[in-house]
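Below is one structure; the comments refer to it alone.
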Amino acid sequence: MKAIVDRQKCTVCGVCSDACPMGAISMRENRVEISEECSLCGICVDTCEFGALSLPEVGQGPAEDLGSYRGVWVFAEWREGTVHRVSHELLSAGRILADKRGVELGAVLLGSGLGDEVAEELIAYGAEVVYVVDRPELAHFTDERYAKCIVELIGRHRPEIFLAGATSMGRSFIPRVAAGFKTGLTADCTELDIADEGHLLQTRPAFGGNVMATIICPNRRPQMATVRPKVMKPVRLEGRKGRIERVELPEECFTARVEVLEVIAEQDQTAKLTEADVIVSGGRGMRSAENFHLIEELAGMLNGAVGASRGAVEEGWMAPSHQVGQTGRTVAPTLYMAAGISGAVQHLVGMQGSQVIVAVNRDPEAPIFDVATYGVVADLFEFLPEFIKRIKREREA
Ligand SMILES: Cc1cc2nc3c(=O)[nH]c(=O)nc-3n(C[C@H](O)[C@H](O)[C@H](O)COP(=O)(O)OP(=O)(O)OC[C@H]3O[C@@H](n4cnc5c(N)ncnc54)[C@H](O)[C@@H]3O)c2cc1C
């Protein structure tokens, strides 16, 4: 879908073409062409003084009674025996949303061999009810089975809001669930709130992180969002009360065209960027793969993971699994250290949620300093070895 041009009204003045942030509008002889790059942002509509541009009507009118949907649900991501911390974060955020709406907060737990203690932990993070589907077929994650189970559960209980982590699992199967209800899904949210009319305000970076867009889903239910890990704060309270409902679903929910034969744990521990509390990243300023030993040594000393800019990955110095940024991993560690990284917006969107950012760059104008908590203007080949030596000395002392 793209913006619509009314050729009767269009004067081919070119203002819309200049205003389009996607570069989707071009001027061809005596007509305006809109390409598939159009993101339906509506900027062209606002800039056209002749009223020649409009957006197609999307998701018109409620398909059914929106008022019949009630409650906030969080998908509890259980994988190989543990619940992902993003689910605890989402339950804490969901608790606030549910309280504002005056509704119940539910968690949905799918897996195999699930003891009550797993569900009780979700209650401690804020769930009032945990729906547990415990079946051998759910021992390993598959999109098809997980999507069918969630669709069945949502169909039965009709929550108005459904949240999941923007993890590889969430990103993989939640779109299927949204498609199942022909409802909207906002991926990769960094903030959630509730408007007076009950609309979920879903905020996420847009246009390469240059603006924060708040998105609503006014005409369909449930309102669905995935949220980046480590953005919300998990709050665990002992003594919270809730109920655990073990649910039977139709056999059809457990059939799938794909079988998982074996799960092989990721060998490269350093690539576990999203989980790390400390990340030390290197960029093109590192000059070679060999020089990354400085980054690796420092990361090792701080019990952290090694990250890289796309510049360093493109040079072949680090594997793509280490890349931080728009097309790499989004991270939010307690400490993020960037050495020889300029701070392009595509890098910043992947790490600016870090609590403390330390940047080392010899260019005092480097944009990385705009987001840095501490900036070191220095040659990294002088600074890093000295910094490593200093840590060693202090630890020995
Ligand atoms: C669609 C798209 C997606 C992208 N996705 C990503 C992404 O996910 N992640 C990402 O990182 N990039 C991404 N990029 C690329 C991004 O725009 C930048 O090109 C990239 O981040 C640059 O990497 P860099 O900072 O390592 O290199 P450069 O921009 O070349 O910066 C190197 C820096 O090192 C400094 N330096 C050099 N030598 C030294 C020294 N001896 N001591 C101290 N400092 C030194 C320089 O001053 C400079 O600031 C994407 C681009 C596009 C178009």
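Side notes on the structure shown:
Listed here are the residues, each with its yes/no results for (1) among the charged types (D, E, K, R); (2) touching a helix residue (DSSP H, G or I) at 6+ places or on another chain (Cβ under 9 Å); (3) surrounded by fewer than 22 Cβ atoms within 10 Å (Cβ to Cβ); (4) more than 15 Å from Leu110 (Cβ to Cβ).
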residue: His140; (1), (2), (3), (4): no, no, yes, no
residue: Tyr146; (1), (2), (3), (4): no, yes, no, no
residue: Cys149; (1), (2), (3), (4): no, yes, no, no
residue: Glu152; (1), (2), (3), (4): yes, yes, yes, no
residue: Ser168; (1), (2), (3), (4): no, no, yes, yes
residue: Ser172; (1), (2), (3), (4): no, yes, yes, no
residue: Ala178; (1), (2), (3), (4): no, no, no, yes
residue: Lys182; (1), (2), (3), (4): yes, no, yes, yes
residue: Thr186; (1), (2), (3), (4): no, no, no, yes
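- Reported count of residues in segment 19-47, each being farther than 22 Å from Val211 by Cα and part of a loop (DSSP other than H, G, I, E, B), is 3.
- Among the residues of segment 191-201, at least one is in a loop (DSSP other than H, G, I, E, B), in the same structural domain as Trp73 (by TED's automatic domain parsing) and hydrophobic (A, V, I, L, M, F, W, C).
- Among the criteria (1) surrounded by 17 or more Cβ atoms within 10 Å (Cβ to Cβ); (2) assigned by TED's automatic domain parsing to the domain that holds Ala366, the one Ala225 does not fulfil is (2).
- Test: residue in segment 251-265 that is in a strand (DSSP E or B) and among the β-branched types (Val, Ile, Thr): no
- Qualifying positions in segment 84-125 - buried (at least 16 other Cβ atoms within 10 Å of the Cβ) and of a type in the set (Gly, Ala, Ser): Ser87, Ser92, Ala93, Gly94, Ala98, Gly106, Ala107, Gly111, Ala119, Ala124
- Taken over segment 95-120, the residue count meeting the criterion of being of a type in the set (D, E, K, R) and free of Cβ contacts under 8 Å to residues at least 60 places away in the same chain is 3.
- If only residues of segment 371-397 that are touching a strand residue (DSSP E or B) at 6+ places or on another chain (Cβ under 8 Å) and among the aromatic types (Phe, Trp, Tyr) are counted, the one that is farthest from Gln346 (Cα to Cα) is Phe383.
- Taking helices (runs of 4 or more DSSP H) as the structural unit, those lying wholly within segment 281-397 and holding at least 1 residues that are open to solvent by 10 Å² or more (accessible area, probe 1.4 Å), over 24 Å from Ala206 (Cβ atoms) and near the ligand (Cβ under 9 Å from one of its atoms) correspond to 310-314, 380-396.
- Output for segment 1-18, where each listed residue is assigned to a loop (DSSP other than H, G, I, E, B) and either open to solvent by 60 Å² or more (accessible area, probe 1.4 Å) or of a type in the set (A, V, I, L, M, F, W, C) (or both): Met1, Lys2, Ala3, Arg7, Gln8, Lys9, Cys10, Thr11, Val12, Cys13
Quick grid of which residues meet (1) farther than 25 Å from Val260 by Cα; (2) touching a Gly at 6+ places or on another chain (Cβ under 7 Å):
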| residue | (1), (2) |
| --- | --- |
| His140 | no, no |
| Asp143 | no, no |
| Ile154 | yes, no |
| Ala164 | no, yes |
| Gly170 | no, no |
| Phe173 | no, no |
| Val177 | no, no |
| Lys182 | yes, no |
| Leu185 | yes, no |
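- Check on Glu266, modelled with pLDDT under 90, more than 8 Å from the ligand (Cβ to nearest atom), open to solvent by 20 Å² or more (accessible area, probe 1.4 Å) and closer than 23 Å to Lys230 by Cα: yes
- Arg243 vs. criteria in the same structural domain as Glu80 (by TED's automatic domain parsing) and open to solvent by 30 Å² or more (accessible area, probe 1.4 Å): yes
The values are calculated or read from the model by the stated rules, or taken from the named source; none is laboratory data. Everything numeric in this text was worked out from a predicted model, so none of it was measured. All Cβ positions, even for glycine, are placed from backbone atoms using ideal geometry, and neighbour counts span all protein chains on display. Accessible surface areas use protein heavy atoms only, side chains included; no ligands, DNA or RNA. Shrake-Rupley method; radii C 1.70, N 1.55, O 1.52, S 1.80 Å.
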